[in-house]
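Reading through the structure tokens given below for one structure.
The values are calculated or read from the model by the stated rules, or taken from the named source; none is laboratory data. It should be emphasised that the depicted structure is a prediction, and the values quoted were computed from it without experimental measurement. Please note: Cβ atoms are built from the backbone with ideal geometry, for glycine as well, and neighbour counts cover all protein chains shown. In case anyone asks, the SASA skips ligands and DNA or RNA and just uses the protein heavy atoms, side chains included. Shrake-Rupley method; radii C 1.70, N 1.55, O 1.52, S 1.80 Å.
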Amino acid sequence: QSLLWDSYGATLGIWEFNPAKCTLRDSFPLPVEEVLWLFHHVLKTALYQLKAFELVPANTSVGAPSDTLRSSISAALVAATIFGVYALGFSPDDSVKCLGLVCAFFAPVWLLIWRVGGHFTWRHADRMTWGWLAPGITTTLIDCLGQQQGVWRFPAAYLSGINVGQYLKLDVALVYMVSTFAVTASGAVVLAATEELLARRSALGTNGEASL
């Protein structure tokens, strides 16, 4: 999925790579280094999330989100998906293309994660937050360095124009933070479900032995 959205973004021209500083081929929109970075990003984020589950305890005193909240967030993610499709496929305004790319490719992923594992969210929120912020922020900073070094660039026509300094662009930061959260949340749901299942089995085993 990461390879698809990155390739599509490069094909649209939302980001461009400097052929003098990376290995580009005419037959593929991404350089070899970018493909390797995608796999590195997923692996790094997964390892951060594993460490967060190891170091940060779950908050077992809280319950699951209410049905109303779950429905509201689901509706918002559906709306974001629709906006993303419109921005990429129909909008004449190029400045929403990057934001549209984020919504079209990642809102459906977030929606799936939320519907499948939303009931784990409150109990494991601290773990998910640390497992998301650490790789997300470092990846965003590395992107700023890549821009400063002239390895890649983001044409202003495809961005909202909301920047902090020369290199920290809101749209681009959203790309990294949202894509990082997709990996973080996917891993967190699997880890949380496994941990709670094992805890239930352990409790049932202990209760069974006590009754004997």
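Would you mind giving the three semi-axes, in whole Å and largest first, of the ellipsoid equivalent to region 76-144 according to its Cα gyration tensor? The partial results should precede the final answer.
Values: eigenvalues 137, 72, 8 Å².
Computed over region 76-144, the values are 26, 19, 6 Å.
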For region 54-111, averaging the sequence separation of alpha carbon pairs under 8 Å that lie six or more residues apart and dividing by its residue count, the contact order in percent is 35
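Rule-of-thumb check for region 1-117: C-alpha Rg over 2.2 N^0.38 Å?
Numbers: Rg = 18.2 Å, N = 117, 2.2 N^0.38 = 13.4 Å.
My calculation over the Cα atoms of region 1-117 gives 1.35.
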Accessible surface ranking that places the most exposed of R200, R127 first, with a 1.4 angstrom probe: R200, R127
Hey, what's the chain come to in accessible area per residue, 1.4 Å probe, Å²? 55
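Where does region 1-61 land on Rg(C-alpha)/(2.2 N^0.38 Å)?
1.59
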Each label point is 7 Å from the Cα along the Cα-to-Cβ direction; what then is the distance between the points at F39 and S7, in nm? 1.5
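So how much slack lies between V116 and E16, counting 0.36 nm per residue of separation and subtracting their Cα-Cα distance, in nm?
Net length gain for the segment: 32.4 nm.
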In Å, the C-alpha Rg and Dmax of the chain are 20.0, 73
Tilt relative to the chain, helix 67-89 - C-alpha long axis, 0 to 90 degrees, to 10: 20
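Can you pull the Kirkwood radius for region 61-177, inverse mean 1/r over Cα pairs, to one decimal in Å?
Working: mean 1/r = 0.0626 Å⁻¹.
Result for region 61-177 stands at 16.0 Å.
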FRET efficiency for R25 and R200 from the Cβ-Cβ distance with R0 = 41 Å, rounded to 0.05, comes out at 0.20
Between 0 and 90 degrees, rounded to the nearest ten: what's the tilt of helix 2-12 against the longest Cα principal axis of the chain? 20
Leaving out ligands, DNA and RNA but keeping every protein chain, what accessible area does I142 have, in Å² rounded to the nearest 10, with a 1.4 Å probe? 80
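Of all the C-alpha pairs in region 48-105, what % are more than 14 Å from each other?
Numbers: 1119 of 1653 pairs.
Here the long-distance tail beyond 14 Å is 68 percent of all Cα pairs in region 48-105.
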For a paramagnetic label modelled at 7 Å from the Cα of D67 toward its Cβ, which residues of region 97-116 fall within the zone defined by backbone nitrogen distances under 12 Å? none
Cα convex hull volume per residue for region 110-203 (Å³): 113
Rounded to 10°, Cα long-axis angle of helix 125-148 versus longest principal axis of the chain: 10
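Let me know the number of lysine pairs in the chain closer than 27 Å at the Cα, not counting same-chain pairs under 8 apart. Don't skip to the end; give the middle numbers.
Working: K21/K44; K21/K97; K21/K169; K44/K169; K97/K169.
Eligible lysine pairs with Cα atoms under 27 Å apart amount to 5.
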